[in-house]
Amino acid sequence: MTPDMNQSIPQDTAGDAPVTQSQTDAVKLKARNVKVFYGEKQALFDVNLDIKANEVTSLIGPSGCGKSTFLRSLNRMNDTIDICRVEGEISLDGQDIYDKTIDVVHLRARVGMVFQKPNPFPKSIFDNVAYGPRIHGLTNSNSELEGIVQTALEKAGLWNEVKDRLDQPGTGLSGGQQQRLCIARAVAVSPEVILMDEPCSALDPIATAKIEELIDELRENFTIVIVTHSMQQAARVSQRTAFFHLGYLVEVDDTEKMFTNPTDERTQGYITGRFG
Amino acid sequence: MTDAAPIMNGPTGGGLTTRNSNDAVSKGLKRRYAAERRFKAYGILAIAFAMGMLGLLFTTIVSKAIPAFTQTMINLEITLYPQDIDPEGTRERQALSSANYRNVIRQAYYDLFPDVTSRRDRRELFDMISPGAVYEIRDMVMANPNLIGERVTVQMPMSDDIDQLNKGQIRKDSPETERRVKDKQIAWFERLENRGLIETVFNTTFFTAGDSREPELAGIFGAAMGSLFTMLVTLLVSFPLAVASAIYLEEFAPVNKWTQTIEVNINNLAAVPSIVFGLLGLAVFINFFGMPRSAPVVGGLVLALMTLPTIIIAARSALKSVPPSIREAAYGLGASPLQVVTHHVLPLAMPGILTGTIIGMAQALGETAPLLMIGMVAFIVDVPHGALDPATVLPVQIYLWADSPERAFVERTSAAICVLLAFLVIMNVGAVFLRKRFERKW
């Protein structure tokens, strides 16, 4: 147990070093000593991780390693689970998101989320995308709302496919389209960070390729954290990769380095397919 | 051959066991299919039995009820002599309403039977016409006083016994002492019939009047309105309360001893005998809060208490069945818990909640026992105009009529059951319609 912790911390700070040197990209999300408990069971142990702005950070690791738990603690989705408890500090732009003064509704408007299974609301395509802006009162005029919806759908690469049937139910789209609709729905609130929890696991390769392309485009405007089971996907879309194992953050580094020359042998083992 | 032998041997050696298991499977298959066929047959039999019973129930009720929808009437030509109705010629309402219309009818009626002179015979003759005929003339005159002095033909109901005779429910060949219609009356009725004065018409009274001691004047409308007001109160009280409790328990309440206790108690409440709720209504609503007796508002409250657990349980399971991914999606966009519920969970759960509500309401509609405790079993002639007026409800009305000795109430009891069933069907159709609307919205 202790060796794991010792290892994760120096590696993380090592990963931190180039950031401070280059100074070009600021740290958007900062996690320090994050521990997550489900009742008595501890799911995450002292995770320290910096997520930089306008980059795609992928979280990889075998099932049950805590990567989804970590992702969900970044926008406090774990709050909806009664027995879940988060310790340590997670800050967004330097502000602790678990602080009492932080409103969770406001936080989730800033940190959006896309889920594993496409989960459009059983409403029209338009209403799906317009829902976020509506509840947050981003606009009062209909034409402005239409503009927001169009922009969001364009950003999600779905506009051309659905522009003639915005009043059709979102659940009638194909799986890949549904997932892009969910991305458009998250984008419409114009968050700063988008969290994606295995967004392609329920999709076929072609739909996956489209989403990956999209993620790359979205990086310009958003900070993206993506959990994925596919190492190829992590290699394709992300700039930085973090490897989780048994609740510990084992290693985090530039994606290229992680997949060619990882420091930790567990990372090496996982990447080469010896376990996981 | 020698080459072939081992090759043959191989498969047959292995085939021995294969064939054995094949045999076993095919033997078993027969049995399995037979079991399946048997099970299917049982199922069809069970359904046929249930449908047969239902059909029997409906045919007996409807066939018994059909005579209640017609009424034997007499078309009598009456002269509205001013000296009988308004001797002073004031045309005041008071005078008109208390005038001797009985005399008016009697004169016209006795004129048809000049041979009947004895006092006793005349009384029996007059008994053939319903006592309600008097009110019919009165209402007609009060609505149009200009008729006084005129000669008019009025259609009046015959008494229930004559009505039953006309419908063939009283056998003419049975001994006179065993039936409620005298031989003389039968003869008079036949004379009336021969003159073409008797007519069998659709029984509108049954659908427009309240209860009455005279079957030919009794109607279901009072009880139907009572049921309607009671159901309205029940729905208005139980639906919001039940949905609110279900939402709180399902979406907001923490899981601890308190909520578990509440849950167990709600489930227990659903099993409490309904008459206990009636006692509670009597003790709390009537004796403690001093609410009026026999009023739909009290009945509605009592039935609402009875319906609450049913709707709560149905609503909770409907809420539970909304996929968690919808909640996550809404939370992920920054919806507040209340927004998640009102925008997403509740609309999706609505069809299920409505089904539960209708089941609860149907139960409440057919409930009799608790209403007996709060006085809704009273004999009430007036049609209620609000939830505070004394009223009775359909099942209690059925019970009251079933308890009445008059032969004509038998068919009216069945007819009232038909009305109750129609009420139920309308409610269910309404529920289906609402469900469809909610489902189409999404």
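Values in this text are rule-based calculations from the coordinates and carry no lab data. All values derive from a computational prediction rather than experimental measurement. As a convention, Cβ positions derive from the backbone with ideal geometry for all residues, glycine included, and neighbour counts pool all protein chains shown.
FRET efficiency for B:GLN155 and A:THR139, Cβ-Cβ distance as r, R0 = 60 Å, nearest 0.05?
Details: r = 70 Å, r/R0 = 1.17.
That pair, B:GLN155 with A:THR139, gives E of 0.30.
Note the full-extension length gain between B:MET291 and B:MET427 as 0.36 nm times their separation in residues minus their Cα-Cα distance, in nm to one decimal. All intermediate terms of the calculation are to be shown ahead of the outcome.
On the way: separation 136, 0.36 × 136 = 48.96 nm, distance 2.82 nm.
The B:MET291-B:MET427 span can extend by a further 46.1 nm.
Considering amide H positions built from the backbone, and no H for Pro or chain starts, which residues 5 or more places from A:ILE226, or on another chain, come under 5 Å of its amide H?
A:THR57, A:SER58, A:LEU59, A:MET196
Could you derive backbone 3J(HN,Hα) for segment B:278-286 from the dihedral phi with the Karplus parameters 6.51, -1.76 and 1.60 (θ = phi - 60°), listing whole Hz in sequence and x where the residue is Gly or Pro?
Each residue of segment B:278-286 in turn: x, 4, 4, x, 5, 6, 8, 6, 8 Hz.
At 222 nm, what value in deg cm²/dmol follows for chain A if DSSP H runs of at least 4 each add -39500 (n - 2.57) and the sum is divided by all its residues, to the nearest 500? If you can, show how the numbers build up before the last one.
Working: 11 runs with 113 residues, N = 276.
It comes out at -12000 deg cm²/dmol, rounded to the nearest 500.
Considering chain A as a Gaussian network with a 10 Å cut-off on Cα pairs, which listed residue, A:THR241, A:THR223, A:THR171, attains the greatest mean-square fluctuation?
Per the Cα network of chain A with a 10 Å cutoff, A:THR171 tops the list.
Please give the FRET efficiency for B:ARG437 paired with B:ASN268, using the beta carbon to beta carbon distance and R0 = 35 Å, rounded to the nearest 0.05.
On the way: r = 35 Å, r/R0 = 0.99.
For B:ARG437 and B:ASN268, the calculated efficiency is 0.50.
Please turn the phi angles of segment B:159-165 into ³J(HN,Hα) values with the Karplus equation 6.51 cos²θ - 1.76 cosθ + 1.60 (θ = phi - 60°), one per residue in order, whole Hz, x for glycine and proline.
For segment B:159-165, the Karplus-derived couplings read 5, 4, 5, 5, 4, 5, 4 Hz, x marking Gly and Pro.
Using amide H atoms built in the peptide plane, which far-off residues or other-chain residues are under 5 Å from B:ILE129 H to H?
For B:ILE129, the qualifying residues are B:SER159.
Using a cut-off of under 17 Å, list every residue of segment A:72-111 whose amide N is near the label point 7 Å from the Cα of A:ASN33 along the Cα-to-beta-carbon line.
A:86-91, A:96-99
As an exercise, use a Förster radius of 25 Å and the Cβ-Cβ distance of B:ARG37 and B:LEU57 to find the FRET efficiency, rounded to the nearest 0.05.
It comes to 0.25.
Give a residue-ordered list of calculated ³J(HN,Hα) values for segment B:138-155 (Karplus: 6.51 cos²θ - 1.76 cosθ + 1.60, θ = phi - 60°; whole Hz; x for Gly, Pro).
My calculation for segment B:138-155 gives 4, 4, 5, 5, 5, 6, 9, x, 5, 6, 4, x, 8, 10, 10, 9, 10, 9 Hz in order.
With a point put 7 Å past each Cα toward its Cβ, work out how far B:LEU112 is from B:THR90 in nm, to one decimal.
Going by the 7 Å Cα→Cβ label model, 3.4 nm.
Which of B:PRO292, B:PRO405, B:PRO131 moves the most in a Gaussian network model of chain B with Cα springs under 10 Å?
In this elastic network of chain B, the residue with the biggest mean-square fluctuation among B:PRO292, B:PRO405, B:PRO131 is B:PRO405.
Which whole-number percent is the relative contact order of chain A (Cα, under 8 Å, 6+ apart)?
Numbers: 522 pairs, mean separation 73.2, N = 276.
Once divided by the residue count of chain A, the mean separation gives 27 percent.
Remind me, relative contact order of chain B in percent, using alpha carbon pairs under 8 angstrom and six or more residues apart?
Contact order relative to length: 18 percent.
What nm distance separates the two modelled labels at A:GLN232 and A:THR272, each placed 7 Å from Cα along Cα→Cβ?
The two pseudo-label positions are separated by 2.1 nm.
At most 14 other Cβ atoms within 10 Å and a DSSP loop assignment: could you name the GluC sites (Glu not before Pro) in segment B:115-162 that fit? Provide the component values of the computation, followed by the final result.
Values: sites: B:GLU124, B:GLU136, B:GLU150; in loops: B:GLU150.
Here the sparse-neighbourhood loop sites are B:GLU150.
In nm, to one decimal, how far is the modelled label at B:LEU279 from the one at B:GLU214, with both set 7 Å along Cα→Cβ?
Taking the two extended label points, one gets 4.2 nm.
Using a Cα-Cα cut-off of under 16 Å, which lysines could be cross-linked to B:LYS172, ignoring same-chain neighbours fewer than 8 residues away?
Reachable lysines: B:LYS182, B:LYS184.
Report the gain in length on full extension from B:SER404 to B:THR261: 0.36 nm times residue separation, minus Cα-Cα distance, nm rounded to one decimal.
So the extension gain works out to 46.8 nm.
Which angle between 0 and 90 degrees, to the nearest 10, do you get for helix A:2-22 versus the longest principal axis of chain A when only C-alpha atoms count?
Helix A:2-22 sits at roughly 60 degrees to that axis.
Using a cut-off of 25 Å between alpha-carbon atoms, which lysines can reach A:LYS52, once sequence neighbours fewer than 8 places away in the same chain are excluded?
Answer for A:LYS52, where 25 Å is the Cα cut-off: A:LYS28, A:LYS30, A:LYS35, A:LYS67, A:LYS100, A:LYS155, A:LYS210, A:LYS257, listed by chain and number.
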